[in-house]
Amino acid sequence: MTAELAEILPPLLPALVAGPLMLGGIGAVLRKHVGIRHAISLVTLSLMLAASILLLIATHDGTVLAHQVGGWDYGISIPFVVDQLSAAVLMIISILGIASSLFAMATHEARARFFHPFVLILMAGVAGALMTGDIFNFFVFIEVMLLPSYGLLAMMGAKLGAHGARVYVSVNLMASTLLLAGIALIYATAGTVNLAELHGAAAEDPAVAVAGGVVLTAISIKAAVVPVHGWLTRTYPMTSPAVTALFSGIHTKVAIYALYRFYSVIYDGDDRFLWVALLVTSMTMLVGVLGAIGEKSTRSILVFHMISQIGYILIGIGLFTGLGLTAGIFYLLHHMIVKASLFLSTGAIEETYGSSQIERLGGMLKREPLIAVTFMIAALSLAGLPPFSGFVAKFAIIQATLEQAHYWVAAVAVLVSVFTLLSMLKIWTGVFMGKAPDDLEDRAMAYQERMHGKRYLRSEAQAETPTLTIIPPEDPTTQHGRVKVPMKLIVPGMLLAAVTVFFGIGAELLMSISEVAAENLLNPESYVDAVSGA
Amino acid sequence: MSVAIAIGLLTTAAVYMVMQRGMVRIILGFILASHAANLMFFAAGNTAFRGVPYIGTSEYGEGADPLPQAFVLTAIVIAFAITMYMLSLAITTIRDDDTEDDEQSAVKILGPAGAAPSAAAERNIDYRDDDFPDRGDESDVAGSKLDITTTGAAGAGTGGADASPASPVHDFEGDIDADPNATTTQREENR
């Protein structure tokens, strides 16, 4: 069956880009039909999920699927290439897309005319960036991915968001320009931008290595690696929880994917430059987690954690051994799910109670036990406690560093995970334990009346069913239980938490995927052969 | 050589402009930076070969390398789109561009301690009052979600969407227009 899939699938690869792009366009045209837009988006995302699972099965034996777009000869055409790593990342991103869209539908953000179209175009860009075998084309798809993101960021909070959006656009444009310059340098030194033809070029020619360094630097900015991480913490808390969850799983992670891929193919895993990666990742882990300790709101703590986790993921490149890459990829896949789950579960509280400030929340364990459980699972997984996927991920990472005798990196990794647990406990004690502030309910009611009341007044056409029911305060004595997080806000986060439990108990599955992906990265020859058709 | 000098000059100017404070100047800086990157592509294609790159129109040794030209064309289009987006960011928000004096910035004027709130201020500092006293710049949903009320709703098929076929930012602008006092009052206060 696998062999048959490997025959059938490659010519269909462009559809993964063209499909969402086209359906997004159709969604944008259907101005009045909110229901149809929801349906188009969910169906498309589910189809992408199904397609990526098929690709995952087809590439699980280490096969690399390649298709020359437009049927041009090798060397002229732009190839689309899928191996285990790209299929796995695409699968997780599709899951995140579905969860975030469900959440946005529950908060009614998704009713905005361009929300779903933007998400679909974003997904088209992601699919393209994950599949393309051409660096210039990678740049183009990154831009396809970023343009709708700019729109989403500004849409979901235009006033404060505009401040965030300015930072976000400026930083990303700077990184893109740098990426473009790096690609120009690669073309100047190596004479091609085709990844397969660039195989090992940087390991042989120092000039290409420098040019590749510019490209890797540019991508590192997009991946928010310390010391170029500042933009992330200033922009992600600015937008809505749904969009933050979506972005957290997509933008930095696609950049990380590119770092893995480019270092594997262009540098052929050259171990002369690995110490740079190890130094940078250790710094990233430390700075991220220390930043989180000083923060006061759930979302900014989580965003700082994202940076520190990016450090863990990149250890895989820094080691570039079989075990190291396997661990890094495992961590990447696990982290995308867990982080989004955390953003969504705290986001549900934020959307209902009107604040993400820890000091303004409390006692949520009693009020919202379901969210508490969801948060607990994801937080423990993030900190790396068994039996969740985070434990396997951290254990594998530390084992891999010890195997290469990088004791200080292992020490940093252990230390950072203690700090991670510490700040997760900070959220836990601040938001879920303790006593609720006296004005919690009033504040939540005020927020809901203002936000949602206004939202629906302004759009009577679509106001049939408000998300968060506003019950008028009939009897002031029955304070408790007036405000409650609606179920549909909880479900997306729970869904993702369930996935992390599944990957924790069934770690074998995710581990075998990561092993195959790591094997492909260690031996990029299979990638090159598949593209060149040799 | 001349290309190298041009790239150097463009990059220098770009860095200087990006370091400036006003959004419009930053955008100009980015335009220069993208020109520098485009010129690098031309340099990569070896400017010594300048013939027309169509088959049969010039000798193979003289025709230009068409690939960098195609790259540059693509890059120009992308940079153009983002520039337009950034320009709209610079002008469509209440916090206007180029408020170099902090005391003159919209944030200060619209803030709780500010003078008699204008219509714009009324509309926008709604959530800044006692209910959410010490809202940090980037910490509270109440603030960051503010304009879903405007953009989200407008985008979903009310007036704003009708006025704008393409852009959510435009929707937001349309929303301001619906509130005639919004931008003008604040501009006057700035003066």
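The values are calculated or read from the model by the stated rules, or taken from the named source; none is laboratory data. Given the structure is predicted, the values throughout are model-derived calculations rather than measurements. So basically every Cβ, Gly included, is an ideal-geometry build from the backbone, and we count neighbours across all protein chains shown. Heavy atoms of the whole protein, side chains included, go into the accessibility calculation; ligands, DNA and RNA do not. Shrake-Rupley method; radii C 1.70, N 1.55, O 1.52, S 1.80 Å.
Observations on the structure shown:
- In region A:193-209, the qualifying residues are those that are touching a Leu at 6+ places or on another chain (Cβ under 9 Å) and open to solvent by less than 20 Å² (accessible area, probe 1.4 Å), and the one that is modelled with the lowest pLDDT is A:Val193.
- Picking from residues in region A:57-76 that are more than 21 Å from A:Asn137 (Cα to Cα) and polar (S, T, N, Q), the one that is most open to solvent (accessible area, probe 1.4 Å) is A:Thr63.
- Applying a threshold of 7 Å to beta carbon distances and a minimum spacing of six or more residues, or different chains, the list of pairs starting in region A:165-179 at a residue that is more than 7 Å from chain B (Cβ to nearest Cβ) and under 14 Å from A:Ile142 (Cα atoms) and ending at one that is open to solvent by 40 Å² or more (accessible area, probe 1.4 Å) and part of a helix (DSSP H, G or I) reads A:Leu178/A:Thr217.
Quick grid of which residues meet (1) open to solvent by 10 Å² or more (accessible area, probe 1.4 Å); (2) closer than 30 Å to A:Gly288 by Cβ; (3) at pLDDT below 80:
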position: A:Leu421; (1), (2), (3): yes, yes, no
position: A:Gly453; (1), (2), (3): yes, no, yes
position: A:Tyr456; (1), (2), (3): yes, no, yes
position: A:Asp475; (1), (2), (3): yes, no, yes
position: A:Gly481; (1), (2), (3): yes, no, yes
position: A:Ile490; (1), (2), (3): yes, yes, no
position: A:Ile505; (1), (2), (3): yes, yes, no
position: A:Leu509; (1), (2), (3): yes, yes, no
position: A:Ala518; (1), (2), (3): no, yes, no
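- Residue check: A:Val34 meets all listed conditions (1) open to solvent by 30 Å² or more (accessible area, probe 1.4 Å); (2) within 14 Å of another protein chain (Cβ to nearest Cβ); (3) in contact (Cβ under 8 Å) with a residue 60 or more places away in the chain but one, namely (1).
- Residue within region A:49-62 that is within 13 Å of chain B (Cβ to nearest Cβ), aliphatic (A, V, I, L, M) and under 30 Å from A:Ala348 (Cβ atoms) present: no
- Region A:76-97: number of residues that are in contact (Cβ under 8 Å) with a residue 60 or more places away in the chain and closer than 14 Å to A:Ala340 by Cβ: 6
- Matching option when the condition is within 21 Å of A:Ser86 (Cβ to Cβ), hydrophobic (A, V, I, L, M, F, W, C) and touching a Ser or Thr at 6+ places or on another chain (Cβ under 7 Å), among A:Val140, A:Val193, A:Val167: A:Val140
- Taken over region A:60-81, the residue count meeting the criterion of being assigned to a loop (DSSP other than H, G, I, E, B) and more than 14 Å from A:Met131 (Cβ to Cβ) is 9.
- Among the residues of region A:110-142, those identified as more than 19 Å from A:Leu23 (Cα to Cα) and part of a helix (DSSP H, G or I) are A:Leu130, A:Met131, A:Ile135, A:Phe136, A:Asn137, A:Phe138, A:Phe139, A:Val140, A:Ile142.
Residue-by-condition table, conditions (1) within 16 Å of the chain's Cα centre (by Cα); (2) open to solvent by 10 Å² or more (accessible area, probe 1.4 Å):
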| site | (1), (2) |
| --- | --- |
| A:Leu85 | yes, no |
| A:Leu90 | yes, no |
| A:Leu96 | yes, no |
| A:Ser101 | yes, no |
| A:Met105 | no, yes |
| A:His108 | no, yes |
| A:Arg111 | no, yes |
| A:Pro117 | no, no |
| A:Val126 | yes, no |
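- Matching residues in region A:39-56 - criterion: being open to solvent by 30 Å² or more (accessible area, probe 1.4 Å) and not aliphatic (A, V, I, L, M): A:Ser46
- Residue list for region A:193-223, restricted to those being under 18 Å from A:Gly133 (Cα atoms) and in contact (Cβ under 8 Å) with a residue 60 or more places away in the chain: A:Asn194, A:Leu195, A:Ala196, A:Glu197, A:Leu198, A:His199, A:Gly200, A:Ala201, A:Ala202, A:Val215
- Single match in A:Val226, A:Val280 (criterion: in contact (Cβ under 8 Å) with a residue 12 or more places away in the chain and either open to solvent by less than 10 Å² (accessible area, probe 1.4 Å) or more than 21 Å from the chain's Cα centre (by Cα) (or both)): A:Val226
- Odd one out for A:Lys366 among (1) surrounded by 24 or more Cβ atoms within 10 Å (Cβ to Cβ); (2) farther than 30 Å from A:Phe273 by Cα: (1)
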